[in-house]
Amino acid sequence: MSNEDERPEHRLRRELPEEVSASASSEAPIPEERAVSTVTGRQRLVQGLWPPRVSRAQLIVAVLLFGLGFGLAVQVASNSNSDSALRGARQEDLVRILDELDDRTQRLEDEKQGLQKQRDELENSSDQAEEARKQTAEKEKQLGILAGTVAAQGPGITMTIDDTKGTVEADMLLDAVQELRAAGAEAIQVNGVRVVANTYLTDSGKTVSVDGNKINAPYRFKVIGKPQDLEPALNIPGGVVQTLEKEQATVTVGRSSKIVVDALRAAKQPDYARSSSR
């Protein structure tokens, strides 16, 4: 090797291509980075959302929210069905329903005043023992009527259900009994069977049994109570009469100033319940 080649300027010239090539090699990845940067924001969003990454807690919350929404939907549908009959009712029907509610309120108020009167008589009577005996005897008669152990008579209504198709079932007659009780019925008799607090109705083939006693159509109800309350209670929109008529049964309701309920029930001694009074 000559001395000129060993000079610094010649050595720098000889090394320069190597540095350039090194710097070029360091810049080689740039096209790849540019290729990566060509991915759009929408593609990155899709890649982040799919496939979904759902945790167990998120899944439980989603199930709970679904159940809550389903329950609210069912509740709204139920309320809509229960109110549909009143929405389609005529004005006179709505007025009759309101009058019936007012009459029920008045009956409760009268009962309250009667109990207060009995209390005042007991407190002010000179012979409290005799007065207590009178009230006890009167209360016994009232309870006997409710229990079906004594006959009863008074104003009320009769209802006859003629079921020629055999479509009337026990639950329909039970609805009628419950509606009459809610309207203030004090004594009920169906085809010679007294209806009391523990009465049950069951289907028996194409007929109905009341407390195990098989009865056949037509079903005749004798009901003692205020006729002005009992009859409208059966004829409200979507009530007992309309339900039975949808089953192709013929319903006849009539008021009477004297209804006799003479079917009796034997008094039954409770097996476990005892009076708590001393």
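Readers should treat all values here as calculations from the given coordinates under stated rules, not as data from a laboratory. A quick note: this is a predicted structure, and the numbers were derived from the prediction, not measured. Glycine gets a Cβ as well: all are built from the backbone with ideal geometry, and neighbour counts include every protein chain shown.
About its Cα centre, how strong a charge dipole does segment 100-261 have in debye, to the nearest 20, once Lys and Arg get +1 and Asp and Glu get -1 at the Cβ?
The dipole magnitude comes to about 540 debye.
Once you place label points 7 Å from the Cα toward the Cβ at GLN75 and THR167, how far apart are they in nm?
3.6 nm
Any idea what the relative contact order of segment 100-261 is, in percent, if you count C-alpha pairs under 8 Å spaced at least 6 apart?
33 percent
Return the subset of LYS134/LYS268; LYS139/LYS206; LYS112/LYS214; LYS139/LYS226; LYS134/LYS214 for which the Cα-Cα distance in this structure is over 31 Å, preserving the input order.
LYS139/LYS206; LYS112/LYS214; LYS134/LYS214
With label points built 7 Å along Cα→Cβ from the Cα atoms of GLN153 and ASP99, find their separation and express it in nm.
Simple spin-label model gives 2.9 nm for this pair.
When the C-alpha atoms of segment 125-278 are aligned to their principal axes, what extent does each axis show, in angstrom, from largest down?
Largest first, segment 125-278 extends 62, 36, 24 Å along its Cα principal axes.
Using mean Cβ contacts within 10 Å as the protection proxy, how do 109-121, 163-175 order, highest first?
163-175, 109-121
State, to one decimal in nm, how far the label point of LYS268 lies from the label point of GLU123, with both points 7 Å from Cα in the Cβ direction.
3.9 nm
Between SER55 and LYS246, what is 0.36 nm times their sequence separation minus the Cα-Cα distance? Round to one decimal in nm.
Stretched fully, the SER55-LYS246 segment lengthens by 63.4 nm.
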